[in-house]
Amino acid sequence: MSVISLEALAKRYPKNGGGETTIFENLWLSVNKGEFVCIIGHSGCGKTTVLNSLAGLDRPTEGVIIVDEKEITGPGLDRAMIFQGHALLPWKTVMANVAFAVSSRWPKASRAEVESRAQKFIDLVGLTGSERKRPAELSGGMKQRVGIARALSIEPKIMLMDEPFSALDALTRGSLQDEVRRICRETGQTVVMITHDVDEAMYLADKVVMMTNGPGAMVAEIVQNPLPLDRDRTGMHKHPDYYALRNHLIDFLVSGSRTFRDNIPPGYDPRKPPVVRPAVAA
Amino acid sequence: MMTNNAGRSYVVTALIAFAFLLAWHIGVQTTSSGGPPLDPEYAKLMGATATTGKSPMPGPLDVGAKLAEHLSQPFYDKGPNDKGIGIQLAWSVLRVAMGYGLAVLVAIPLGFLIGMSPMMNRALDPFIQLLKPVSPLAWMPLALYTIKDSGKSAIFVIFICSIWPMLINTAFGVASVRKEWLNVARTLEVGPFRRAFTVILPAAAPTIVTGMRISIGIAWLVIVAAEMLVGGTGIGYFVWNEWNNLSITNVIIAILVIGVVGMILDQALARVGRAVTFPE
Ligand SMILES: Nc1ncnc2c1ncn2[C@@H]1O[C@H](COP(=O)(O)OP(=O)(O)OP(=O)(O)O)[C@@H](O)[C@H]1O
Ligand SMILES: [Mg+2]
């Protein structure tokens, strides 16, 4: 059962001095309920554009986006966005930032209900004790945690994340990845996340969407993650399929993303990009 | 270290003030004693101050004594040309408060509109650009002619001169609210009113208050000049009246008082500014 379905999506911008640039066109993608999907591709291929269209913040030039069997026409509380630059409101405390989302989702809830719900998610991301702090008093990792708490607190059908951890140091990134994975698995959250980091995609994703370079980007293939569901971040490299997967992803980023256009495999159908599952046996 | 430096600056301030008062005091003394003998015609013209051998320029002690006298009864009222300095100040502050208050009521909503709509911004820009550089006093004849009431004309002049910085800063502050904050509100389906009050207003508040602070400074500058023109009441009229009375002591006191009130108004808005500023 797919919760998200992108159908024949295209985005074009008018070019300087006439004509149009096609960022991507005829892009099809579907995401199942509870799935964690990562989109990987080089800078400028249109990942953010796809995600913003899905969030309703940007309008595709062509095509439709269907969420839960309804075409979306704009942003909505069924989809929560975790922004790359955390996007916290700096004049509000941690509590007020999360409460702002909660009271938007449940406008009739009492103040006490709003705060207790916000508190629950602040606790969930491990920020108990920092409720009264303002974003300027938080580290980068803590800010991103508030962003995650804010997104989760509205119980979205879908979480959208645009390189949520790219500005963090490796240690903080690792612990936040652990937390996001734990929370998403516990709640069966559907997630679409953009990343540049192959290891992050391997750890978090159930499937990885490989986008070719723009302009005119396409989904070259969908990679199924062969690693077991109970993988852990520090030990997964011992799995026999680890290198098969890793090499597959890196090969694509190094050359495939560039050359795919010029030798499109026979039978390639943009509506149903090939699904591959790299493994030692294969 | 910090407190030490601050303490030192206070000492220097006190020293400069003392040196200034001393120089003033001595300067006034020497004109009276060391000067050439007075031309009797001139002495007659200048009246008592000259014939008693004192300089017509008051010294700090004269000003201090007069100031104490004013402060001891700031609110007496003995007819149109003799009112306590407190009453005159209260009139000026009242006019500024009314003109400025009206300007806030117009500039902030209008600035919001301009800031939110690039179309309105372009449409209204020529008017703002044209009217902003006009000296507020140039409006005075027009105000007197149309409003036909000198007090209200002064309020109008305050209104027209304080509106521009607030209007421009509000529009700018609203237009430059970070896109990602607006996107947060959009993804949370926040309605336009709630968005205006919970996202745009706090985000633009530091810029808006800066505009308000510039405006109050201009308003206080202009009220003195406006009251000199329209007469009747107010600290500006007081200055003019005392000049006609040749009471330089009172003129100096008025300058001092105008400065102090201006400083209080400015600091009050600086405080508001600090309260709405957020670190990023
Ligand atoms: N307003 C715009 N006008 C014209 N071109 C634009 C505009 N916004 C984005 N683009 C172009 O669209 C393309 C896709 O941008 P997008 O931000 O989606 O890339 P991305 O894949 O997210 O890149 P990155 O990994 O660097 O974040 C880029 O080449 C960019 O130059
Ligand atoms: Mg991007």
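With respect to the numbered conditions (1) outside the structural domain of A:LEU204 (by TED's automatic domain parsing); (2) closer than 21 Å to A:THR190 by Cβ, which one is the sole condition not fulfilled by A:ASN52?
Result: A:ASN52 fails condition (1) only.
Keeping to segment A:27-45, report how many residues are touching a strand residue (DSSP E or B) at 6+ places or on another chain (Cβ under 9 Å), open to solvent by 10 Å² or more (accessible area, probe 1.4 Å) and either part of a helix (DSSP H, G or I) or within 12 Å of ligand 2 (Cβ to nearest atom) (or both).
2
Mind counting the residues in segment A:28-46 that are among the hydrophobic types (A, V, I, L, M, F, W, C) and more than 14 Å from ligand 1 (Cβ to nearest atom)?
So the count comes out to 5.
Please enumerate the residues belonging to segment A:47-58 that are on the phi < 0 side of the Ramachandran plot and either near ligand 1 (Cβ under 6 Å from one of its atoms) or within 14 Å of another protein chain (Cβ to nearest Cβ) (or both).
Within segment A:47-58, A:LYS47, A:THR48, A:THR49, A:LEU51, A:ASN52, A:SER53, A:LEU54, A:ALA55, A:LEU57, A:ASP58 meet the criteria.
Kindly indicate which of B:GLU180, B:GLU227 is away from every other protein chain (no Cβ under 14 Å) and among the charged types (D, E, K, R).
Of B:GLU180, B:GLU227, the one residue that is away from every other protein chain (no Cβ under 14 Å) and among the charged types (D, E, K, R) is B:GLU227.
Collect the residues in segment A:46-67 that are away from ligand 2 (no atom under 13 Å from the Cβ), charged (D, E, K, R) and touching a strand residue (DSSP E or B) at 6+ places or on another chain (Cβ under 6 Å), keeping them in residue-number order.
A:GLU62
Out of all the residues in segment B:261-278, which are open to solvent by 70 Å² or more (accessible area, probe 1.4 Å) and either within 14 Å of another protein chain (Cβ to nearest Cβ) or hydrophobic (A, V, I, L, M, F, W, C) (or both)?
B:MET263, B:ILE264, B:ARG274, B:ALA275, B:THR277
Keeping to segment A:77-94, report how many residues are more than 9 Å from chain B (Cβ to nearest Cβ) and open to solvent by less than 10 Å² (accessible area, probe 1.4 Å).
2
Pull up segment A:59-71, narrow it to residues that are of a type outside the set (Asp, Glu) and open to solvent by 30 Å² or more (accessible area, probe 1.4 Å), then point me to the one that is nearest to the other protein chains (Cβ to nearest Cβ).
Within segment A:59-71, the match that is nearest to the other protein chains (Cβ to nearest Cβ) is A:ARG59.
Can you tell me which residues in segment B:194-217 are over 22 Å from A:ALA151 (Cα atoms) and within 14 Å of another protein chain (Cβ to nearest Cβ)?
B:LEU201, B:ALA204, B:ALA205, B:PRO206, B:THR207, B:ILE208, B:VAL209
Out of the residues in segment A:131-169 that are of a type in the set (Asp, Glu) and more than 12 Å from chain B (Cβ to nearest Cβ), which is nearest to ligand 1 (Cβ to nearest atom)?
In this case the residue turns out to be A:GLU163.
Restricting the search to segment A:136-156, which residues are of a type in the set (D, E, K, R), within 13 Å of A:ILE122 (Cα to Cα) and either surrounded by fewer than 24 Cβ atoms within 10 Å (Cβ to Cβ) or more than 17 Å from the chain's Cα centre (by Cα) (or both)?
A:LYS143, the sole residue that qualifies.
If B:ALA196 passes every condition in (1) buried (at least 18 other Cβ atoms within 10 Å of the Cβ); (2) assigned to a helix (DSSP H, G or I) but one, which one does it miss?
(1)
Kindly check whether there is at least one residue in segment A:80-87 that is touching a Pro at 6+ places or on another chain (Cβ under 6 Å) and either closer than 21 Å to A:THR187 by Cα or within 14 Å of ligand 1 (Cβ to nearest atom) (or both).
Yes, segment A:80-87 contains a residue that is touching a Pro at 6+ places or on another chain (Cβ under 6 Å) and either closer than 21 Å to A:THR187 by Cα or within 14 Å of ligand 1 (Cβ to nearest atom) (or both).
Find all pairs meeting these conditions: Cβ atoms under 8 angstrom apart; at least six residues apart or on different chains; first residue within segment B:266-278 and free of Cβ contacts under 8 Å to residues at least 60 places away in the same chain; second residue open to solvent by 50 Å² or more (accessible area, probe 1.4 Å) and not in a loop (DSSP other than H, G, I, E, B).
Here the result reads B:ASP266/B:ARG213; B:ALA270/B:ARG213, each pair linking segment B:266-278 to a residue that is open to solvent by 50 Å² or more (accessible area, probe 1.4 Å) and not in a loop (DSSP other than H, G, I, E, B).
From the list B:TRP220, B:TRP240, which residue is assigned to a helix (DSSP H, G or I), more than 12 Å from chain A (Cβ to nearest Cβ) and surrounded by fewer than 22 Cβ atoms within 10 Å (Cβ to Cβ)?
Unique residue meeting the criteria: B:TRP240.
The values are calculated or read from the model by the stated rules, or taken from the named source; none is laboratory data. Please read all numbers here as calculations on a predicted model, not as lab measurements. Don't worry about glycine lacking a Cβ; one is built from the backbone with ideal geometry, like all the others, and counts go over all protein chains shown. Surface areas here come from the heavy atoms of the whole protein model, side chains and all, with no ligands, DNA or RNA. Shrake-Rupley method; radii C 1.70, N 1.55, O 1.52, S 1.80 Å.
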